[in-house]
1. Out of the residues in region 116-148 that are of a type in the set (A, V, I, L, M) and over 21 Å from VAL42 (Cβ atoms), which is modelled with the lowest pLDDT?
2. Among all residue pairs at least 6 apart or on different chains, which show Cβ distances below 9 Å where the first residue, located in region 81-106, is among the acidic types (Asp, Glu) and the second is in a helix (DSSP H, G or I) and surrounded by 13 or more Cβ atoms within 10 Å (Cβ to Cβ)?
3. Under 30 Å from SER63 (Cβ atoms), of a type in the set (A, V, I, L, M, F, W, C) and touching a Gly at 6+ places or on another chain (Cβ under 7 Å) - does that describe any residue in region 189-198?
4. Suppose we filter VAL85, VAL95 for residues that are surrounded by 21 or more Cβ atoms within 10 Å (Cβ to Cβ), of a type in the set (Val, Ile, Thr), touching a helix residue (DSSP H, G or I) at 6+ places or on another chain (Cβ under 7 Å) and part of a helix (DSSP H, G or I); which single one remains?
5. Can you list the helices (runs of 4 or more DSSP H) lying wholly within region 166-270 that have 3 or more residues being within 22 Å of ASN68 (Cβ to Cβ) and of a type outside the set (D, E, K, R)?
6. So which residues in region 137-161 are crowded, with 20+ Cβ neighbours inside 10 Å and not aliphatic (A, V, I, L, M)?
7. Only one residue in MET17, MET81 is within 18 Å of the chain's Cα centre (by Cα) and at pLDDT 95 or above. Which one?
8. Do the conditions hold for VAL226, that is, is it under 23 Å from PRO160 (Cβ atoms), loosely packed, with under 15 Cβ neighbours inside 10 Å, at pLDDT 95 or above and of a type outside the set (D, E, K, R)?
Amino acid sequence: MRTRPAVLAEILRPHNMLASALATVAGLVVAGGRAVEPVWIVALLAAVATGAGNVVNDCFDLSIDRVNKPRRPLPSGRITMRAAVALYVASSCAVVAGAILFVTRDVAVLVVGWQVALFVYARWCKRWLVVGNLLVAAISSSAFFAGAMAAGNAPAALVPAAIAFAFVLCREIVKGGEDLEGDMACGVRTIAVTAGRPLAGRTAAVLMLALAVLIPIPVLTLHYRVGYFVLMEGVVVPALLFGATRVADATDRSVFGRTSRALKLAMFVGIVAIAAGA
């Protein structure tokens, strides 16, 4: 069966790839805006590594997605497992080769580390309570470090990465509430599976409220510019407050799904806000 390019793009999840690339560029901007090496190469590697991670995650999650996300390419039969594995191998090889050939050693180690960590997450850690959430948050937030390292100023990414880590962790817990049925059927231990949707919602709500309170701090202590404050307080903080009020004690899967999608949109605005405030 010949796989259509649109299906290959769908399983790579371009929106996630774009988020990684944008976070890399934002990391460069925060670090001063002058790259030691071409930042577009680093951003491209980050995007392809993310896409490869999405593919391998779908390969290991086939039984879960048959329950939670039956319209995805693999469970719907629009792509074969063989084609998905081939796409993962090709993407991973491209990332490793690009890291070795085109970027400095520290950035290459980070990028290859993503590949390994994403495989470990998909194969093992996703099924461990909270550990998988923490690992995804760490991988996602480290894209800021890739851009800052390309500028030779990795410490500049500490604050953006910390914000991104907390934000992604909130969304991962919310997604666990959305995916409860499939996760429970396939032995994935999330907060929602082990303690129920209401507790998962309350946990995510507490984290979202705490993050909403902490987000203005860089303006007060690190001299982030007004663009950061306007975008964060105008879009991201309201999304966090909305999400917190929606999922606290929620039991309906659709509530978690809508909140997850709202947080994803806010994530893109947050990345732009960090770049605008540098």
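1. So, considering only residues that are of a type in the set (A, V, I, L, M) and over 21 Å from VAL42 (Cβ atoms), the one modelled with the lowest pLDDT is LEU129.
2. These pairs meet every condition: ASP106/MET149; ASP106/ALA154.
3. Here is the first cut: in region 189-198, the residues under 30 Å from SER63 (Cβ atoms) are 189-198.
Then drop every residue that is not of a type in the set (A, V, I, L, M, F, W, C), which leaves 191-193, 195.
Subset that is touching a Gly at 6+ places or on another chain (Cβ under 7 Å): 191-192.
Looking through region 189-198, at least one residue is under 30 Å from SER63 (Cβ atoms), of a type in the set (A, V, I, L, M, F, W, C) and touching a Gly at 6+ places or on another chain (Cβ under 7 Å).
4. Values: VAL85 fails: surrounded by 21 or more Cβ atoms within 10 Å (Cβ to Cβ).
One residue alone meets the criteria, VAL95.
5. On the way: elements: 180-185, 191-195, 197-214, 217-221, 226-231, 237-247.
By residue number, 180-185, 191-195, 197-214.
6. SER140, SER141, SER142, PHE144, PHE145, GLY147, PRO160
7. Working: MET81 fails: within 18 Å of the chain's Cα centre (by Cα).
Of MET17, MET81, the one residue that is within 18 Å of the chain's Cα centre (by Cα) and at pLDDT 95 or above is MET17.
8. Values: under 23 Å from PRO160 (Cβ atoms): yes; loosely packed, with under 15 Cβ neighbours inside 10 Å: yes; at pLDDT 95 or above: no; of a type outside the set (D, E, K, R): yes.
For VAL226, the condition - under 23 Å from PRO160 (Cβ atoms), loosely packed, with under 15 Cβ neighbours inside 10 Å, at pLDDT 95 or above and of a type outside the set (D, E, K, R) - is not met.
The values are calculated or read from the model by the stated rules, or taken from the named source; none is laboratory data. In this text the structure is predicted, and so the values were computed from the model without any measurement. Cβ: placed from backbone, ideal geometry, glycine included. Neighbour counts: every protein chain shown.
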